[in-house]
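Participant: The structure follows.
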Amino acid sequence: MTSTPTDGTSRYEVSRSDDEWQLLLQPQEFAVLRRAGTERPWTGELLDEKREGVYRCRACSQELFRSDTKFDSHCGWPSFFSPLAGDRVELITDRTLGMVRTEVRCSRCGSHLGHVFDDAPQTPTGDRFCMNSVSLTFEPAAPEQQA
């Protein structure tokens, strides 16, 4: 897996050193967002979130997903069939753990969000963006925006 530079030479709009990220993030958030860790399945606070709203990167607040693309994939992590816009995330080949997967990172700060798989034929895209709850924040839609 490629690593994000921490010496200020990052190509990301939001760039911080590891020390700066550690001051801003809780230990589990840092482990997942900056070290590409994974939270345990079925434990994330956003797994069962059903309200309308927007999911943002926990590290930099960039809007990533809308609730209308979230679906129950029965995998133990919040899943979406499409990001808000294609340029909100970047996809990187991940060859760790003896397999080839596609890592999903925030395009604004380079934080690890999860992985994407093409195993969701029940969705419009066929994709399952399997995200860590700890990588995201949820902003409910204003009451007048909810139908």
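The values are calculated or read from the model by the stated rules, or taken from the named source; none is laboratory data. For clarity, every value in this text was computed on a predicted model and none was experimentally measured. Every residue, glycine as well, gets a Cβ built from its backbone with ideal geometry; the counts of neighbours run over all protein chains shown.
Participant: Please verify whether Leu91 is touching a Phe, Trp or Tyr at 6+ places or on another chain (Cβ under 7 Å), surrounded by 15 or more Cβ atoms within 10 Å (Cβ to Cβ), without any contact (Cβ under 8 Å) to a residue 60 or more places away in the chain and within 20 Å of Tyr55 (Cα to Cα), treating the condition exactly as stated. Explain how you work it out, then say what you get.
Facilitator: Working: touching a Phe, Trp or Tyr at 6+ places or on another chain (Cβ under 7 Å): no; surrounded by 15 or more Cβ atoms within 10 Å (Cβ to Cβ): yes; without any contact (Cβ under 8 Å) to a residue 60 or more places away in the chain: yes; within 20 Å of Tyr55 (Cα to Cα): yes.
It is false that Leu91 is touching a Phe, Trp or Tyr at 6+ places or on another chain (Cβ under 7 Å), surrounded by 15 or more Cβ atoms within 10 Å (Cβ to Cβ), without any contact (Cβ under 8 Å) to a residue 60 or more places away in the chain and within 20 Å of Tyr55 (Cα to Cα).
Participant: In addition: Restricting to region 18-40, and then to whatever is among the charged types (D, E, K, R) and part of a loop (DSSP other than H, G, I, E, B), can you tell me which residue is farthest from Thr93 (Cα to Cα)? Full working, then the answer.
Facilitator: Filtering region 18-40 down to residues among the charged types (D, E, K, R) leaves 18-20, 29, 34-35, 39-40.
Cutting the leftovers down to part of a loop (DSSP other than H, G, I, E, B) gives us 34-35, 39-40.
Values: Arg34: 17, Arg35: 15, Glu39: 20, Arg40: 22 Å.
The selected residue is Arg40.
Participant: Exactly one condition in (1) surrounded by 12 or more Cβ atoms within 10 Å (Cβ to Cβ); (2) more than 30 Å from Glu144 (Cβ to Cβ) is false for Met131; which is it?
Facilitator: (2)
Participant: Among (1) assigned to a loop (DSSP other than H, G, I, E, B); (2) crowded, with 20+ Cβ neighbours inside 10 Å, there is one condition Ser15 misses while meeting the rest; what is its number?
Facilitator: For Ser15, the failing item is (2).
Participant: Applying the selection to region 41-81, what residues are basic (Lys, Arg), assigned to a loop (DSSP other than H, G, I, E, B) and in contact (Cβ under 8 Å) with a residue 24 or more places away in the chain? Give the steps one after another, and end with the answer.
Facilitator: We begin by selecting, within region 41-81, every residue basic (Lys, Arg); these are 50-51, 56, 58, 66, 70.
Then keep just the ones that are assigned to a loop (DSSP other than H, G, I, E, B); that gives 50-51, 58.
Selection gives Arg51, Arg58.
Participant: Moving on. Kindly indicate which of Arg34, Arg88, Arg105 is under 21 Å from Asp18 (Cβ atoms) and under 11 Å from the mean Cα position of the chain (by Cα).
Facilitator: Details: Arg34 fails: under 11 Å from the mean Cα position of the chain (by Cα); Arg88 fails: under 21 Å from Asp18 (Cβ atoms).
Exactly one of Arg34, Arg88, Arg105 is under 21 Å from Asp18 (Cβ atoms) and under 11 Å from the mean Cα position of the chain (by Cα), namely Arg105.
Participant: Also, I was wondering about something else. How about region 82-91: which of its residues are of a type outside the set (Val, Ile, Thr) and in a strand (DSSP E or B)? Before the answer, list the steps.
Facilitator: Of all residues in region 82-91, those of a type outside the set (Val, Ile, Thr) come to 82-88, 90-91.
Result: Glu90, Leu91.
Participant: Now for a separate question. Among the residues in region 83-100, are any modelled with pLDDT of 95 or more, touching a helix residue (DSSP H, G or I) at 6+ places or on another chain (Cβ under 7 Å) and under 24 Å from Gln28 (Cβ atoms)?
Facilitator: no
Participant: Kindly provide the set of residues from region 26-47 that are surrounded by 19 or more Cβ atoms within 10 Å (Cβ to Cβ), small (Gly, Ala, Ser) and more than 20 Å from Ser73 (Cα to Cα), ordered by number. I'd like the intermediate steps shown before the answer.
Facilitator: From region 26-47, those surrounded by 19 or more Cβ atoms within 10 Å (Cβ to Cβ) are 29-30, 32-34, 36, 39, 44; that's our starting set.
When the remaining residues are screened for being small (Gly, Ala, Ser), the result is 36, 44.
Ala36, the sole residue that qualifies.
Participant: Pull up region 3-12, narrow it to residues that are surrounded by 11 or more Cβ atoms within 10 Å (Cβ to Cβ) and within 17 Å of the chain's Cα centre (by Cα), then point me to the one that is modelled with the lowest pLDDT. Break it down stepwise before answering.
Facilitator: Quick first cut of region 3-12, residues surrounded by 11 or more Cβ atoms within 10 Å (Cβ to Cβ) only: 4-6, 10, 12.
Then drop every residue that is not within 17 Å of the chain's Cα centre (by Cα), which leaves 4, 12.
Details: Thr4: 42, Tyr12: 94.
Among those that are surrounded by 11 or more Cβ atoms within 10 Å (Cβ to Cβ) and within 17 Å of the chain's Cα centre (by Cα), it is Thr4.
Participant: Related question: With the requirement that a residue be of a type outside the set (S, T, N, Q) and assigned to a loop (DSSP other than H, G, I, E, B), what does region 96-134 give you? Steps first, please.
Facilitator: Restricting attention to region 96-134, the residues satisfying the condition of being of a type outside the set (S, T, N, Q) are 97-101, 103-106, 108-110, 112-121, 124, 126-131, 134.
Passing the criteria: Met99, Val100, Arg108, Cys109, Gly110, Asp118, Asp119, Ala120, Pro121, Pro124, Gly126, Asp127.
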